[in-house]
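Each value in this text was obtained by applying a stated rule to the coordinates, not by laboratory testing. Quick caveat: nothing in here was measured; it's all calculated off a predicted structure. Here the Cβ is made from the backbone with ideal geometry for all residues, glycine too, and neighbour counts use every protein chain on show.
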Amino acid sequence: MKDKTKLTVAGRPHQRPSHPVNTPVERASTYLFPTYDDYLEGAKSICYGRLGTPTHRAFEEAVTALEGGFETRLAPSGLQACTAALLAFVEAGDHVLMTDAAYDPTRKFCERFLKRFGVETTFYNPVAGEEEIAALMRPNTKVVFAESPGSLTFEVQDLPALARAAHAGGAKLVVDNTWAAGYFCKPIALGADVSLQAATKYLVGHADCLVGTLTSADEQTAQKIYYALLQLGSNVSADDAYLALRGMRTLSTRLERHQENAEDLVKWLKKRDEVARILHPAQKSCPGHAVWKRDFTGASGLFGVVLKPAPLKAVKVFFNAFKLFGIGFSWGGYESLVLPVKPEAYRTATDWKEEGPVLRIHAGLEDIEDLKTDLERAFIAMAGARK
């Protein structure tokens, strides 16, 4: 089946004489077993709320179908999906290779938490190739962590090359696949051992719940992920699993609109005198564009804009002029967002040399002309503040 069909049928209730279209929400902590034999059999599947209910299994099944993996497990946030994927494979004395363009909380987990337990992290250039990664590998390297495109600056990573280098050194390749939502890119098909998402973003799609997903490529990897989440006591509510699964049903339609609006905004912004550079994988000027063309089937609604140097007063006025674009963290919902970001504050292996302010824009589902009008209003306000 093609992805659009998978998104419609995966995780649906099993056939019976009469059944609902959607998998119902089953809220439970305790499950009861009529007999001893039922208990022994039930303990292998649905046995306790923290380990998941039929609602959770349905969402996991749908994500597994989309990502093309062996098994999916859930975490209560995208960040815990990242941290559990690391904890599943490292112990004291081990080493992690982490992209320098990683989501900052993932970075801080390595620098602050893992370091306390004797796990060392080396940050690498996000556009590093196979030879560069191989040169950074150590006998105790257990995880190569990629995020493609990278947070804030949108470098696209060569996942097949990273996989070859990681596997040659006995390490796992873990990929944060949130930007592509499992729809525009398939990291497992490209060699990744784990493809994870902050499902909070595009899978949920409505900015109303937090959840993470971890899809493993094989049974051995899946078992490691499962036990990491089990021992951490991770739990996702059945209501949130239901909301995420319901959001997935419209993922393809929403992503196509997000992509269309983002492309239109990029074309419009490139003509603005205030703009120095666009950070968008579909643009030839974006690092890794050739890899994006090879490995991705589309682009989502999140991208960056580097403005020409401007005083802080003018930047504040620019943001305060918006009526449609919200100033807020996260992204992936139906709403358009804009956020000031500082890539230079989150780099150690590479330098960020752009001089002007950097914006992270999420193109929502609003009418494109209204979004352009809102941006125009902000640029006019900025110009007035410069005088």
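Which order results if Val21, Val317, Val194 are arranged by neighbouring Cβ count within 10 Å, fewest first? Provide the component values of the computation, followed by the final result.
Values: Val21 7, Val317 19, Val194 30.
With the sparsest Cβ surroundings first, the list reads Val21, Val317, Val194.
Need the list of aspartates and glutamates near Lys308 for cross-linking: C-alpha distance under 13 angstrom, and skip anything on the same chain fewer than eight residues off. Partners found: Asp273, Glu274, Glu354, Glu355. Given axes a ≥ b ≥ c from the Cα gyration tensor, I'd like to know whether the stretch 207-257 is rounded (a/c under 1.5), prolate (a/b larger than b/c) or oblate. Because a/c hits 1.5 or more and a/b fails to exceed b/c, the stretch 207-257 counts as oblate. In the stretch 252-386, the alpha-carbon atoms span a convex hull of 113 Å³ per residue.
Annotation for the stretch 303-329 versus the stretch 128-198: alpha-carbon center distance of 32 Å.
Hey, fewest Cβ within 10 Å first, where do Leu114, Leu51 land in order?
Lowest to highest Cβ neighbour count: Leu51, Leu114.
Put +1 on the Cβ of every Lys and Arg and -1 on every Asp and Glu Cβ in the stretch 3-248; which of His56, Thr200, Leu32 then has its Cα farthest towards the positive end of the dipole? Of the options given, the answer is Leu32. Among the listed options (i) 171; (ii) 156; (iii) 145, the one matching volume of the Cα convex hull per residue in Å³ as calculated from these coordinates is (iii). About the centre of its Cα atoms, the chain shows a dipole size close to 820 debye [charges on the beta carbon of Lys, Arg (+1) and Asp, Glu (-1) only; nearest 20 debye]. The GluC sites (Glu not before Pro) of the stretch 311-387 that DSSP puts in a loop, and whose beta carbon has at most 12 other beta carbons within 10 Å, are Glu355.
Straightening the chain between Leu40 and His167 buys 41.9 nm, computed as 0.36 nm per residue apart minus the Cα-Cα spacing. Separation of the alpha carbons by more than 26 angstrom is noted, of Lys172/Lys284; Lys270/Lys387; Lys267/Lys342, for Lys172/Lys284. Restriction of the trypsin sites (Lys or Arg not before Pro) in the stretch 26-73 to DSSP coil positions whose beta-carbon has at most 12 other beta-carbons within 10 angstrom yields Arg27, Lys44.
Take each peptide in 212-222, 274-284, count the other Cβ atoms within 10 Å of every residue, and average; sorted highest first, the result is 212-222, 274-284. For Leu51 and Glu131, a Förster radius of 25 Å and the Cβ-Cβ distance give a FRET efficiency of 0.05, rounded to the nearest 0.05. For the chain, modelled as a GNM whose springs connect Cα atoms under 10 angstrom apart, the maximal fluctuation among Ala163, Ala314, Ala262 occurs at Ala314. The dipole here belongs to the stretch 297-387: it is taken about the Cα centre, uses +1 on the Cβ of Lys and Arg and -1 on the Cβ of Asp and Glu, and is about 500 debye. Among Cys47, Cys209, Cys82, determine the one that fluctuates most according to a GNM of the chain built with springs between C-alpha atoms less than 10 Å apart. Largest GNM mean-square fluctuation: Cys47.
Based on every Cα atom in the stretch 9-113, Rg and the maximum pairwise Cα distance Dmax equal 18.3, 56 Å.
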